[in-house]
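Engineer: Please see the structure below; I have some questions.
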Amino acid sequence: MQHWAKPATRAGQRKLKTVGYSYQVLIDSRPLLEFHYHPDTRVKHCHVHVRADSDDWPNMRKVHVATGRLAFEDVLLMLVDDFDLVARRGARELLREQRESFERRQSWGGARPRS
């Protein structure tokens with residue numbers, strides 16, 4: 001996980017502004033999914049790379065699949081809910097609370113909170 005931010009003032013509030021992120025899901029130290037936002041490059045939109053191998057889609061690794069903005073909590077909740085990652089007791093609820101707080105404070109659009 002890498003997240004780049006810079007200070008930003010908005011309506012008298014002190015905030016951080018996201019200027020980029022890279023979240024990786026690894027299996028056996030190899031990337032499976034990579035969520036990126038790096039607007040200072042050729043690909044300016046939020047996107048995911050699917051690194052799974054497939055004979056049907058040999059070039060899938062190069063595709064930038066557009067996504068909405070993701071909080072790191074989105075990725076962690078996906079791992080717990082969809083990949084059956086074992087989390088500490090109360091972690092799912094804490095991640096959902098943090099995700100809801102993020103949703104209320106963000107200044108640019110994002111994915112809808114997971115239920």
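Engineer: Can you pull out every residue in the range 1-38 that is within 16 Å of the chain's Cα centre (by Cα), within 17 Å of residue 106 (Cα to Cα) and modelled with pLDDT of 85 or more?
Structural biologist: 3, 4, 5, 18, 19, 20, 21, 37, listed by residue number.
Engineer: Residue pairs, Cβ under 9 Å, 6 or more apart or interchain, first in the range 10-24 and free of Cβ contacts under 8 Å to residues at least 40 places away in the same chain and exposed (fewer than 13 other Cβ atoms within 10 Å of the Cβ), second in a strand (DSSP E or B) and charged (D, E, K, R). List them.
Structural biologist: 16/6
Residues checked against (1) under 25 Å from residue 20 (Cα atoms); (2) modelled with pLDDT of 90 or more:
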{"residue": "69", "(1), (2)": "yes, no"}
{"residue": "76", "(1), (2)": "yes, yes"}
{"residue": "79", "(1), (2)": "yes, yes"}
{"residue": "85", "(1), (2)": "no, yes"}
{"residue": "94", "(1), (2)": "yes, yes"}
{"residue": "97", "(1), (2)": "yes, yes"}
{"residue": "101", "(1), (2)": "yes, no"}
{"residue": "105", "(1), (2)": "yes, no"}
{"residue": "111", "(1), (2)": "yes, no"}
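Engineer: Still on this model: Could you figure out which of (1) part of a strand (DSSP E or B); (2) free of Cβ contacts under 8 Å to residues at least 40 places away in the same chain; (3) exposed (fewer than 15 other Cβ atoms within 10 Å of the Cβ) isn't true of residue 3?
Structural biologist: Single failed check for residue 3: (2).
Engineer: Right, next: For the range 39-64: of the residues being in a loop (DSSP other than H, G, I, E, B) and of a type in the set (D, E, K, R), which is nearest to residue 108 (Cα to Cα)?
Structural biologist: Checked the range 39-64; the qualifying residue nearest to residue 108 (Cα to Cα) is 44.
Engineer: Considering only the range 11-25, I want to know if a residue exists there that is in contact with a Cys (Cβ under 7 Å, 6 or more places away or on another chain) and assigned to a strand (DSSP E or B).
Structural biologist: No - not one qualifying residue is present in the range 11-25.
Engineer: Output the number of the condition that residue 31 fails; it satisfies all remaining conditions of (1) crowded, with 16+ Cβ neighbours inside 10 Å; (2) out of contact with any helix residue (DSSP H, G or I) (no Cβ under 8 Å at 6 or more places or on another chain).
Structural biologist: Residue 31 satisfies every listed condition except (1).
The values are calculated or read from the model by the stated rules, or taken from the named source; none is laboratory data. The structure displayed is predicted, hence computed values, not measured ones. Cβ coordinates were reconstructed from backbone atoms using ideal geometry, including for glycine residues, and neighbour counts include every protein chain displayed.
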